[in-house]
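Novice: Below: one structure in structure tokens.
Derivation of every value follows stated rules applied to the coordinates shown; laboratory data play no part. These numbers were taken from a predicted model, which means no experiment stands behind them. Neighbour counts run over all protein chains shown; Cβ positions are idealised from the backbone, glycine included.
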Amino acid sequence: MTMVKIVEVGPRDGLQNETAAVPTDAKVAFVNALSTTGVSEIEVSAFVSPRKVPQLGDAADVFRRIHRNDDVIYSALVPNRQGLDSALAARVDKIAVFTAVSETFNRRNINTSVAGSLGRFQPVVKRAKHAGLPVRGYLSTAFWCAFEGQIAPEAAVALAQRLVDMGVDEVSISDTIGKATPDDVARLLDRLLPKIPADRIAVHFHDTYGHGVVNTLRSWEFGIRTFDASVGGIGGCPFAPGATGNVATEAVVTALMNKGAELAVDIGKLGLARNLMEEFLRAERRTLPDRESQACAVCEHFTGDGCCRQAAAPA
Ligand code: HMG
Ligand code: MG
């Protein structure tokens, strides 16, 4: 059985949207705690414009100060050549370029068209690979866009293929606004997997409508084994109105374990990492998403997935 890989995106996707100023010390402690949990990869930060995403302006400092665990890949978002220079100087293990199927979202997020983003990435991917770094390509708005509505799966497949043709090792299929349903996931994976094998695909679900776990399980049934998640479900995208955090790592891990997935993640240690950031954000009068809305404390199932609370609910 293939081991499941969990890509913990909390320090980047989780914190990029955080209104409270999170000091570098707190980020370093968060990444260090996550490094002991058994996740395969931690997306530590982003080498993007600090004017656009001020919260991650200390990316280089965070990378310099974290204690690296040899079993963990420490990655970062890189939008252009300038970002790659900074990422290489910070000794990242892996980079992620990021584009979207939606033209409108791309313009708002990275100030260029889809074609323009591919033109920017080409030299970045080439140089990163020359430097021996694996490259992930995010495919945002793969299902829905806040501006353009539902996205045709064929358009998502075509762009994923272009990323692979460019040399990207792994494509992360992203539900940026958290609106995809398991049927949407199935429609896309049905068309994608004949072209790109499951071991080069990751899924990245935001949990705006509470579909993150059921979408994870649907993807698992299709043979996907790499799952992005954010401990405590923190996060969102500052350029996608209404989008909330990623599906919580602890919910994803519990749901996959219930399915019999092989996973090396320690749920107790995930809880400690979550508590660390939760305590900090509470002190800033911020709260993390409600634990109860993610996993039932009694049966550990999730709303819509055979939870005991549902069975007991009056008709
Ligand atoms: P641009 O606006 O086209 O401008 O930037 P530019 O290239 O002409 O540069 C403008 C200014 O930015 C200049 O500074 C550059 O030096 C600076 P100024 O002269 O004005 O002082 N700059 C940079 N600074 C640091 N590092 C860099 C860099 N590049 C330019 N790499 C750019 C284009 C993409 C850089 C900009 O629009 C940007 O940073 N956007 C932020 C994008 C972002 O981080 N979005 C959130 C992450 S994506 C996401 O959350 C989705 C995902 O989770 C998947 C999903 O859920 O869908 C991945
Ligand atoms: Mg995201």
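Novice: Considering the Cα positions of region 46-179, please state its Rg to one decimal place and its Dmax as a whole number of Å.
Specialist: 14.8, 43
Novice: Among 149, 212, 223, determine the one that fluctuates most according to a GNM of the chain built with springs between C-alpha atoms less than 10 Å apart.
Specialist: So, out of 149, 212, 223, the one fluctuating most is 149.
Novice: Listed here are the pairs 94/269; 94/126; 52/129; 5/259; 94/129; 27/269; which of them are more than 18 Å apart at the Cα?
Specialist: Result: 94/269; 52/129 exceed 18 Å.
Novice: Further question: Can you give me the relative contact order of the chain as a percent, contacts being Cα pairs under 8 Å and 6 or more apart?
Specialist: This gives 19 percent for the chain.
Novice: Now for a separate question. Name the residue farthest towards the positive end of the dipole of region 5-294 from the options 22, 216, 137, assuming +1 on Cβ of Lys and Arg, -1 on Cβ of Asp and Glu, about the Cα centre.
Specialist: Positive-most Cα among the choices belongs to 137.
Novice: Pairwise over distinct Cα atoms, reciprocal of the mean inverse distance: report the Kirkwood radius of region 1-84 in Å, one decimal place. List each step's numbers first, then the result.
Specialist: Details: mean 1/r = 0.0761 Å⁻¹.
Hydrodynamic radius (Kirkwood, Cα pairs) of region 1-84 is 13.1 Å.
Novice: Hey, another quick one. Treating only the Cβ atoms of Lys and Arg (+1) and Asp and Glu (-1) as charged, compute the dipole magnitude of region 5-294 about its Cα centre; round to the nearest 20 debye. Before the final figure, lay out the partial values.
Specialist: Values: 33 positive and 34 negative charges, 173 e Å.
Magnitude of the dipole: close to 820 debye.
Novice: Normalised by the number of residues in region 134-277, what is the relative contact order in percent for Cα pairs under 8 Å and 6+ residues apart?
Specialist: Values: 256 pairs, mean separation 29.0, N = 144.
Relative contact order, region 134-277: 20 percent.
Novice: Could you sort 118-130, 249-261 so that the peptide with the highest average Cβ count within 10 Å comes first and the rest follow in order? Intermediate results must be reported in sequence, preceding the final value.
Specialist: Values: 118-130: 16.9, 249-261: 20.8.
So the peptides 118-130, 249-261, ranked by packing, come out 249-261, 118-130.
Novice: Just the number, please: Stokes-Einstein D of the chain in µm²/s, Kirkwood Rh from C-alpha pairs, 10 °C, 1.306 mPa s. Show your work: numbers first, answer last.
Specialist: Details: Rh = 19.3 Å.
D, rounded to a whole number, is 82 µm²/s.
Novice: Computed from the mean reciprocal separation of all distinct C-alpha pairs, what Kirkwood hydrodynamic radius does region 127-215 have, in Å?
Specialist: Computed over Cα pairs of region 127-215, the Kirkwood hydrodynamic radius comes out at 13.3 Å.
Novice: Considering every pair of different Cα atoms, what Kirkwood radius, in Å, is found for region 196-269?
Specialist: 12.7
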